[in-house]
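*Asks:* The structure follows.
The values are calculated or read from the model by the stated rules, or taken from the named source; none is laboratory data. Given the structure is predicted, the values throughout are model-derived calculations rather than measurements. Cβ placement follows ideal geometry from the backbone for every residue including glycine, while neighbour counts extend to all protein chains displayed. Ligands, DNA and RNA are stripped out before the accessible areas are found, and what is left, the full protein with its side chains, is counted by its heavy atoms. Shrake-Rupley method; radii C 1.70, N 1.55, O 1.52, S 1.80 Å.
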Amino acid sequence: MSIISGKNILLGITAGIAAYKTASLVRLFIKAGAHVKVVMTPTAKAFITPLTLSTLSKNPVYSSFVNKDEGDATWNNHVDLGLWADFFVIAPATANTLSKMAQGTCDNLLMAVYLSAKCPVYFAPAMDLDMYKHESTINSLNILKDYGNIMIPATSGELASGLIGEGRMAEPEAIFAFLEQDILGKLPLRGKKVVITAGPTYEAIDPVRFIGNHSSGKMGFEIAKVAANLGAEVFLISGPTHQKVTHNLIDVTPVISAQDMYEAVHKHFGNCDIAILSAAVADFRPKAVAAQKIKKKEPVLTLELEKTQDILASLGRIKNKQYLVGFALETNNEIENAKGKLKNKNLDLIVLNSLNDKGAGFKTETNKVTFIDAEEHITEHPLKSKTEVAEDLWNVIIKHIHA
Ligand code: CTP
């Protein structure tokens, strides 16, 4: 999954011959799962038709403040467009538009949107080589960089004039790749490796039966998705679950038993920066697994159980740089029990959910949690979706690692 999936991208097109390439750019954004709207200068319509762009973007194309053609003239709200966008990409950006952006000249809808946009602005210059080298263009580019706008540099090659040199707009694939890399590079968990456990474990009794629990894995998968969207490289180690995820930053290792999970976690822990153990690991397993299906010939069956390894506690014993988070599901004396686990397992944070809270725990879409950190600061949260709980958790961790 691309990092721009689900994002709102506003494409600003100005009047350069490279405008014809923006049809491919819109396609690339749409294929990556982004929502695209296009705003173009009136003259840009001479280079590519609004119909092409609206068909590809699946949205109306905006180019004037007022839609005069309709019986009742309607106003295109530049502020709304600017606020809608997560990213504003101006491609091609002509010398004229770059100069207007640098000076704040607001003589068309695109410029009004630019001046009201609150999101990151990218621009891909396109012009003839001498225009690109002109002192006034260089001034504009420097001013725009000082404003925090991000330049997608022009490349060298044959120009519309027939001359050869620098000034060609970057190709749509290069603009797309630039945007993805830039967004990724600025994410707060970029460069961090994270291990997450999720779901239940199944402890075999015989070839067809097991001891398990009702964990759905939803909480762990949400923690993994939020982490990947924040730029982390995620190793998700999951017991049997129906949850699914496809994200190029999430590597899923499916496991069955507590022992499998223990081994998979230890394989990654040494290299990781953060570990969050949200799995509902079985505390006990049958001491011996029957080789054949157990027959019901006896009136009573006694299973001898032995303790599984406590994965979280084992990490607490060996951790050095890692930030270690555990979960606690309690039914009574919740805070005291959770504090006990925090200390005994040498954690940096524990997420407590009480089975007494409605909507918290297994098989629900929601959770009600309390965070307790190593200094025993307690933060209670109201009932929230598991995605929101995952976001709250990452906010706390990010604050800690950037402190
Ligand atoms: N955990 C683990 N390995 C185990 C058991 C638990 O990694 N074998 C982790 C869980 O993923 C969770 C935390 O430990 O992060 C939860 O511990 P919990 O099962 O609530 O507590 P226990 O320490 O097992 O104590 P008890 O069951 O007695 O409450």
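*Asks:* Can you tell me, using C-alpha contacts under 8 Å and at least 6 residues apart, the relative contact order of the range 299-403 as a whole percent?
*Replies:* Relative contact order here is 18 percent.
*Asks:* Sequence gap at least 6, Cα distance under 8 Å: using those rules, report the relative contact order of the chain to the nearest whole percent.
*Replies:* Relative contact order comes out at 11 percent.
*Asks:* Restricting the calculation to Cα positions, tell me the Rg (one decimal) and the Dmax (whole number) of the range 34-100 in Å.
*Replies:* Calculated on Cα positions, Rg and Dmax stand at 12.5, 36 Å.
*Asks:* At 1.4 Å probe radius, can you tell me the per residue accessible area of the range 8-185 in Å²?
*Replies:* Numbers: 8040 Å² over 178 residues.
On a per-residue basis, the range 8-185 sits at 45 Å².
*Asks:* Within the chain, what percent of beta bridges assigned by DSSP are antiparallel, to the nearest 5?
*Replies:* 30 percent
*Asks:* Are any of the pairs K321/K343; K244/K307; K307/K341; K225/K368 more than 22 Å apart by Cα-Cα distance, and if so, which?
*Replies:* Violating the 22 Å Cα-Cα cut-off are K244/K307.
*Asks:* Further question: Which Cα, out of V300, L315, G340, lies furthest along the positive dipole direction of the chain (beta carbon charges, K/R +1, D/E -1)?
*Replies:* So the residue we want is V300.
*Asks:* Can you tell me, using C-alpha contacts under 8 Å and at least 6 residues apart, the relative contact order of the range 8-185 as a whole percent?
*Replies:* Computed over the range 8-185, the figure is 22 percent.
*Asks:* Considering only protein heavy atoms and a 1.4 Å probe, what is the carbon-and-sulfur percentage of the accessible area of the chain?
*Replies:* 53 percent
*Asks:* If you don't mind, another one. Once you wrap a convex hull around the alpha carbon atoms of the range 8-185, what is its projected area averaged over all directions, in nm²?
*Replies:* Quarter of the Cα hull surface area: 9.7 nm².
*Asks:* Using square roots of five times the C-alpha gyration tensor eigenvalues, list the equivalent-ellipsoid semi-axes of the range 193-401 in whole Å, biggest first.
*Replies:* They are 29, 19, 17 Å, listed largest first.
*Asks:* When the Cα centres of the range 95-114 and the range 368-390 are compared, how far apart do they sit, in Å?
*Replies:* After rounding, the separation between the Cα centres reads 46 Å.
*Asks:* Could I ask something else about it? Quick one: P(r) of the range 196-301 from all Cα-Cα pairs, 10 Å bins, percents rounded to integers, in order of increasing distance.
*Replies:* The percentages, shortest bin first, are 15, 42, 25, 12, 5, 1.
*Asks:* Please report the spacing between the Cα centers of the range 260-290 and the range 184-245 in Å, no decimals.
*Replies:* 11 Å
*Asks:* Taking only the alpha-carbon positions of the chain and ignoring solvent, what does the Debye formula give for the base-10 log of I(q)/I(0) at q = 0.11, 0.14 Å⁻¹?
*Replies:* Normalising to I(0) and taking log10 leaves -0.87, -1.10.
*Asks:* Let me spell out the model: positive unit charges on the Cβ of Lys and Arg, negative unit charges on the Cβ of Asp and Glu, origin at the Cα centre of the range 250-321. What dipole size does that give, in debye rounded to 20?
*Replies:* Roughly 260 debye, rounded to the nearest 20.
*Asks:* Determine the percent antiparallel among the DSSP beta bridges restricted to the range 61-156, to the nearest 5.
*Replies:* Details: 2 of 8 bridges.
Looking only at bridges with both residues in the range 61-156, the antiparallel portion is about 25 percent.
*Asks:* Quick check: the distance between the Cα centres of the range 295-319 and the range 1-44, to the nearest angstrom?
*Replies:* The range 295-319 and the range 1-44 have Cα centres spaced 56 Å from each other.
*Asks:* Rg and Dmax in Å for the range 129-272, alpha carbons only: what are they?
*Replies:* Cα radius of gyration and Dmax of the range 129-272 are 24.5, 79 Å respectively.
*Asks:* Report the antiparallel proportion of the DSSP beta bridges in the range 193-401 as a percent, rounded to a multiple of 5. Mind showing how you got there, number by number?
*Replies:* Numbers: 15 of 41 bridges.
In the range 193-401, approximately 35 percent of DSSP beta bridges are antiparallel ones.
*Asks:* Can you pull the Kirkwood radius for the range 141-203, inverse mean 1/r over Cα pairs, to one decimal in Å? Before the final figure, lay out each step's value.
*Replies:* Working: mean 1/r = 0.0639 Å⁻¹.
Hydrodynamic radius (Kirkwood, Cα pairs) of the range 141-203 is 15.7 Å.
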